[in-house]
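No lab work stands behind these numbers, since they all come straight from the coordinates. Everything numeric here is computed off the predicted structure, so don't read it as measured data. Cβ atoms come from the backbone with ideal geometry, glycine included; neighbour counts cover every protein chain shown.
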Amino acid sequence: MSAARAQFPARVDKCASRSDVLGLSRIVEVDTAKGPMFGHSPAGEYNFLTDHEVVLTFDDGPSRSHTRAILDALDAHCTKATFFMVGRMAAADPAMVREVARRGHTVAAHTWSHARLQGLDIDKAKDEIELGFSAVALAADGPIAPFFRFPYLRTSKASIAYLKSRHVASFGIDVDSRDFKTRDGATVKANVLAQLAVRHKGILLFHDIQPSTAHAIKDILDALKAHGYKIVHIVPKTPATTLADYDTLAERESAHRKVATAKNPLASRSVVWPQKGSANASGEVLPWASRTGTAQRVTKAKALTKSERVPWYEQWLQP
Ligand SMILES: [Zn+2]
C-alpha cells in the first residue's frame, strides 16, 4: 500500500470573507478512519451541517467542455466544492483534474467506470473502487481525498464494509439538482431552491458534465447567496491511500491514452459517458426523490466540535 504523504491544508482565500460573495462559512475536516457515511440518500450515519449550511458537490467529471465554467463560477464567489470524479474521465483529462485541485477544491472518487455497485460481486466492486481512486490520484499527481460517492447512490453491504476497511468516507446527498434531466439552467436552479426550502441545508448534487449546470451555476450561486445559504467545505484529515496493483493498472491505462491521443489529438476529448437506462442517463437514482412527503432521517447526528463551530476566518485569518 502506498500512502500519499502530502498534507491537506485547507486553502483559505482572503476573498472568502467578502460580504458580497458566498465565500466559505467553515471548513470541516473529516476523519475517515472509520469510514463514516454522510447525507440522507443513501441513508448516512452522520449529519454535520447546521441550518442554511450547504456543501457543493459535482459528480461524473471532469469534463473539458463544462468543468472550467464551473470552476470560474466558484472562483467568482470565492468558494470551494468537492468533485467526485470518475476514474476513466480523470484518465482522459488529467490536466483538468490538476486544475480542479490547483484551484483549491477537494478531489474525490466515484469509481472507475461509474459502475452500479449494488448487486455487483464484491471483487468487481473492489476493482471499481480501487481503480477509481488510483486513476484519479494518478491524474491529480498529488494527494486526493479518501471520499467516495456511490454511482446512482446505490450501495451494497459488502461495498460499504469494504470502504470502511479502507478508511474511506462515503458522501450521499440531500438535495438533487436533477441537472441530468434537463438542459434548462432555470429548472436546475428551481430544483435546488425548492428542495432547500424544505430541507434548509444539505449536500447538493450537481454534475460537472451537464451543460445545464455549467450554464446555471453562476445564477445558482447568486441565488444561494441571496437566500442566505452558507458554504461548508469538506476536506480530509488524511489523504487517500492507493493500492500498488491498481496504481499499475491506472498507469497502464494512462499510457494507452497518451499513445491514442498522440495518434488522434481529439480522441481524449471525445470520451462520452455511455448512456445507461433511460431518463437518468448520466445521473443518479434517488430512492427518496420519487417519494413525496417525509424526508429520511439521519440515524445519528454527530455533535459539532468546537473548531467546527468557529467560522474559518476566526481560525485561520485572525489579524
Ligand atoms: Zn455519478
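Numerical summary
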item: Using alpha carbons only: equivalent-ellipsoid semi-axes of segment 16-100, gyration tensor based, whole Å; result: 24, 21, 11
item: Convex hull volume per residue in cubic angstrom - Cα atoms of segment 98-216; result: 121 Å³
item: Rg/Rh (Cα only; Kirkwood hydrodynamic radius) as it applies to segment 55-168; result: 0.98
item: For V168, distant residues with modelled amide H under 5 Å away; result: G35
item: Using a Förster distance of 51 Å, the FRET efficiency for H200-A255 (Cβ separation, nearest 0.05); result: 0.60
item: Cα pair distances in segment 62-122, grouped into 5 Å bins until the bin that holds the longest one, percent each; result: 4, 17, 27, 22, 12, 8, 6, 2, 1
item: Neighbour-count order for H66, H215, fewest beta carbons within 10 angstrom listed first; result: H215, H66
item: Estimated vicinal HN-Hα couplings, Hz - segment 130-139 in sequence order (Karplus 6.51, -1.76, 1.60; Gly, Pro = x); result: 5, 5, x, 5, 4, 5, 5, 5, 4, 5
item: Cα-based radius of gyration of segment 197-265 once divided by 2.2 N^0.38 Å, which approximates compact folds; result: 1.77
item: Footprinting exposure proxy for F83, F48 (fewest neighbouring C-beta atoms within 10 Å first); result: F48, F83
item: Least to most buried among D59, D13, D72 (fewest other Cβ within 10 Å first); result: D72, D13, D59
item: Cross-link pairs K157/K201; K124/K237; K201/K237; K124/K157 - those with Cα-Cα distance over 19 Å; result: K157/K201; K124/K237; K201/K237
